[in-house]
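Read through the structure below, which is laid out as structure tokens, and then see the notes.
Laboratory data are not the source of any read-out in this text; all were calculated from the coordinates shown. Since this is a predicted model, take the numbers as computed values, not measurements. Cβ atoms come from the backbone with ideal geometry, glycine included; neighbour counts cover every protein chain shown.
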Amino acid sequence: MDDRGVIVDLDGTVYRGNTPIPGAAETIATLRERDVSIIFLTNNPVLSPESLSERLTAMGVAAAPEEVISAGAVTARYLAENHPDQPVLVVGSSGLCEQLTDAGLALTDDPVAASVVVTSYNPEFGYEDLTAGLQALDDAALFLGTDPDRVYPDDDGQPIPGSGAITNAVAGVANREPDLVLGKPAFETVETVLDSLEHPPSTYLVVGDSPETDIAFGQRAGMDTALVRSGLTETPESTAFQPDHVVDSLADVVSIL
Ligand SMILES: [Mg+2]
């Protein structure tokens, strides 16, 4: 058994939209042949780890559900552990609602009844959702975002709005900042990942396309980091989160290990 591991981002690193990034499937296969431990860590709040594992497998990237940690799963776990009996109003996707319900949480559409407001990616987000969020935040105890991703790349690498855009919209109209935003690089996510490692954190390489989420996560977790250029076409040049390596894509990671 190799005593190394990789933590791999999904959007912009393994695929863009429904298109796998060239060489990604082969690279994951090579890492498996070398017995490198693999965790897929994504700020996707819509699909459960089971669904993400199916999606990856359909793209030719073998991935077990136990190897996938998602913003939706971290959010469900956080709420189930810390706010198990509080009615949750979700301004987000039906996929996220399902994950929260599966974790035993009680959802509500009634802004007055809600004590937790969760904001998240939803391509059908509209005026009624904004209204529900605004009214619920009037006296909700907790305002929680599933992940900070303001934008993420579509199939062509062009930016499209993510959870952060919706959290910002609700925060703007309610004039209230979120109490907590999960996903990468939140400490709650660092903790969840550290709990699941086979090897010491310092033997892991975090690979992702976002300095603010992937590289920041790796630094907080005490891991090496590699920024890939296969995600958003415009990668910000100046950032506080400088990676240890910069490579074109996941295919270049084998040479770093
Ligand atoms: Mg990404």
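Most mobile of Gly92, Gly17, Gly145 per a Gaussian network model of the chain (Cα springs, under 10 Å)? Maximum fluctuation in the GNM of the chain, among the listed residues, is at Gly17.
The residues Tyr78, Tyr152, when put in order of fewest to most other Cβ atoms within 10 Å, stand as Tyr78, Tyr152. Of the residues Pro153, Ser48, Val6, the one whose Cα sits farthest toward the positive end of the charge dipole of the chain, with +1 on the Cβ of Lys and Arg and -1 on the Cβ of Asp and Glu, is Val6. Distances between placed amide hydrogens fall under 5 Å for Val206 paired with Ile7, Asp224, Thr225, Ala226, all partners being 5 or more residues away or on another chain. Please state the relative contact order of the chain as a whole percent: Cα pairs under 8 Å, 6+ residues apart? This gives 20 percent for the chain.
Tell me the net charge near Val181. Cut-off is 12 Å between Cβ atoms, Val181 excluded, with +1 for each Lys or Arg and -1 for each Asp or Glu. Its environment carries a net charge of -4. Remark on region 1-150: Rg and Dmax equal 17.5, 54 Å (Cα only). Applying the criteria of a DSSP loop state and at most 13 other Cβ atoms within 10 Å to the GluC sites (Glu not before Pro) of region 100-193 yields Glu124. Build a GNM of the chain with springs between Cα atoms under 10 Å apart, and of Leu56, Leu41, Leu197 the one that fluctuates most is Leu197.
Here the 3J(HN,Hα) profile of region 242-257, calculated from phi with Karplus coefficients 6.51, -1.76 and 1.60 at θ = phi - 60°, is 8, x, 6, 9, 10, 9, 5, 7, 3, 4, 7, 6, 4, 6, 7, 5 Hz, Gly and Pro shown as x. Taken as Cα centroids, region 90-113 and region 179-238 sit 27 Å apart, rounded to the nearest whole angstrom.
Based on the Kirkwood approach, the hydrodynamic radius assigned to region 73-181 is 13.7 Å, with every pair of different Cα atoms included. Within region 73-181, DSSP assigns beta bridges of which about 20% are antiparallel (rounded to the nearest 5). For the chain, the extents of the C-alpha atoms along the principal axes are 55, 34, 34 Å, listed from largest to smallest. For Leu96, Leu31, the sequence from fewest to most other C-beta atoms within 10 Å is Leu31, Leu96.
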